[in-house]
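Read-outs throughout are calculated quantities, based only on the coordinates presented, and are distinct from any laboratory measurement. Treat the numbers as computed from the prediction; the structure is a model and nothing was measured. Positions of Cβ are backbone-derived with ideal geometry, glycine not excepted, and every protein chain shown enters the neighbour counts.
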Amino acid sequence: MNKSVPAESASALIDQRIEDLADWRGTMLAKVREIIHEADPEIVEEWKWRGVPVWSHGGIVCTGETYRNVVKMTFAKGAALRDPAGLFNSSLDGNVRRAIDIHEADRVDEAALKDLIRAAVALNLEGKPKPKLKSKPKLRRGSTVRRHP
């Protein structure tokens, strides 16, 4: 089941995850989170799939999973994104997702990661219809308007 919790609760759960990790993974997850928010201040934090931090804007941008030896950022539509810096290093065989595995000794290219996040948001928003403004009904040719006294 794909349930998410309210954004305020999701943010608190991500805070708790970072605190509970209490090692390099918590530090790295916090750094990645900060980079994501710097890249897109309108990003929304979610908590899905029984404990996965998710960042969304117009759809899922990426997740922030933590494993024993890696912090993994999985981009939902990563295969459709240009990655000139070569950040994607995992899940390269799929048709949709791409991931970045960050190990303890790795340095994050913040500028390149911000560019990737912004591109993912732009891709999510690309096909979204813009809200329509309410307009007056249009008259058809040959129709008349009846006015009531």
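Okay, here's what the table says:
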| read-out | value |
| --- | --- |
| Stretchable slack from Ala12 to Leu125, in nm (0.36 nm times residue separation minus alpha-carbon distance) | 38.0 nm |
| DSSP-loop GluC sites (Glu not before Pro) across the stretch 6-65, with at most 16 other Cβ within 10 angstrom | Glu42 |
| In the stretch 12-99, trypsin sites (Lys or Arg not before Pro) in a DSSP loop with at most 13 other beta-carbon atoms within 10 Å | Arg50, Arg68, Arg82 |
| Anisotropy class of the stretch 7-126 from Cα gyration tensor, a/c 1.5 cut | oblate |
| Computed lengthening from Trp24 to Arg118, 0.36 nm per intervening residue step minus Cα-Cα distance | 31.3 nm |
| For the stretch 1-123, size of Cβ-based charge dipole, Lys and Arg +1, Asp and Glu -1, in debye | 460 |
